[in-house]
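The values are calculated or read from the model by the stated rules, or taken from the named source; none is laboratory data. This structure is a prediction, so every number in the text was calculated from the model and none was measured. In this analysis, Cβ positions are derived from the backbone assuming ideal geometry, glycine residues included, and neighbour counts consider all displayed protein chains.
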Amino acid sequence: MADEDIEQQLERRLGAVHARQRLGIESESEPQVFGRGLNFFHPENWYSSHSLIEYILKLSGLYWIGYRNTLKIQVRHHEVVVERLPAAFDGYCLLHLSDLHADLNPAAMQAIADTVAGLDYDVCVITGDYRAKTYGPVDAALEHLATVTAALSQPSYGVFGNHDSIRMLPGIEELGVRMLLNEHVEIRRGNAVLYLVGVDDAHYYRVDNVANAAAAVPLEAVSVLLSHTPEIYRQAAHAGFDLMLCGHTHGGQICLPGGVPVTLDSKCPRYMGSGAWTYGGMRGYTSVGAGSCIVPVRLNCLPEVTLHTLRRA
């Protein structure tokens, strides 16, 4: 698709301001290592360090152990009690995938596909980072993402992360994933409604807009927010969301024994770095991710897909 065609398509879908912001930041060559975004330091953009990290891991003998760990996809089960949940949605299940970085480790994408193919759920949500690099071509990421999406048996919704180009939008939606970019959808069961809301990347591009995304969601309705990063937990909680699903942190990915992360690359409390958490009246869950970032290695932090089951109080 020609650049002019995709820009017009994005402006129609996102609005002129959002599209220009996203495309403008992406056009500024390689993303910066320092500055911009919520964090000052962005290690994912420091490409000269990737080979060094891989070399050190191979020298230590940990690389191939960590690589084998990337194929050991764990299925996590998480029950979420929602005070106002309509009876029709009691037991409703969301399959949560995050941080696939599909072109970094194609073998892991096949492992994920094999894992999710046998799961029972009502809807799939994907919280961003579909490609490995943060700039450049997207075709390889879409090709390997297709391995995972082909195994999904229920409707799928997603949001973009800091690794993703907005130009991936048509390709991902052709794979059957409806992207929510400061948008919402209504999921209905009889007369009952569950609102699923998604925001664009809040970590690096800073083009999230919770207010716009949730503007049409009734205050008394049950709503779930999809965000790539947990870093907007305050905005989400005070907007009245019942549940926030996110990723980005990888749980540290390369952790000390006991799963203690060396770094989370996230400007949020460490207790929000992985798994279930609460803030105010909102429940949250940060996935450690199904893929891996920078190097295809996981140590003391296995990849996961999560089944979130909603329950009435």
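Got at least one residue in the range 190-202 being among the hydroxyl-bearing types (Ser, Thr, Tyr) and farther than 22 Å from LEU100 by Cα? Yes, the range 190-202 contains a residue that is among the hydroxyl-bearing types (Ser, Thr, Tyr) and farther than 22 Å from LEU100 by Cα.
Tallying residues that are modelled with pLDDT of 95 or more and outside any helix (DSSP H, G or I) within the range 110-127 yields 10.
Every residue, every condition in (1) closer than 18 Å to VAL123 by Cα; (2) of a type in the set (S, T, N, Q); (3) at pLDDT 95 or above, yes or no:
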{"site": "ARG188", "(1), (2), (3)": "yes, no, yes"}
{"site": "ALA192", "(1), (2), (3)": "yes, no, yes"}
{"site": "ALA214", "(1), (2), (3)": "no, no, no"}
{"site": "SER223", "(1), (2), (3)": "yes, yes, yes"}
{"site": "ARG234", "(1), (2), (3)": "no, no, yes"}
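Any residue in the range 295-303 that is of a type in the set (D, E, K, R), within 23 Å of LEU145 (Cα to Cα) and not in a strand (DSSP E or B)? The answer is yes; a qualifying residue exists. Take the residues in the range 276-292 that are in contact with a helix residue (DSSP H, G or I) (Cβ under 7 Å, 6 or more places away or on another chain) and surrounded by 23 or more Cβ atoms within 10 Å (Cβ to Cβ), then tell me which one is nearest to VAL82 (Cα to Cα). Here the residue is GLY284. Only residues that are in a strand (DSSP E or B) and without any contact (Cβ under 8 Å) to a residue 40 or more places away in the chain were counted across the range 159-180, and they come to 2. The set of residues in the range 273-311 being farther than 23 Å from ALA132 by Cα and at pLDDT below 95 consists of GLY280, GLY281. Only one of the numbered conditions (1) in contact with a strand residue (DSSP E or B) (Cβ under 8 Å, 6 or more places away or on another chain); (2) surrounded by fewer than 15 Cβ atoms within 10 Å (Cβ to Cβ) is not met by PRO137, and that is (1). Here is a check on your reading of the model: is TYR157 at pLDDT 95 or above and within 23 Å of GLU231 (Cα to Cα)? In short, yes. Being assigned to a helix (DSSP H, G or I), surrounded by 15 or more Cβ atoms within 10 Å (Cβ to Cβ) and touching a residue at least 60 places away in the same chain (Cβ under 8 Å) is a property that ALA88 lacks.
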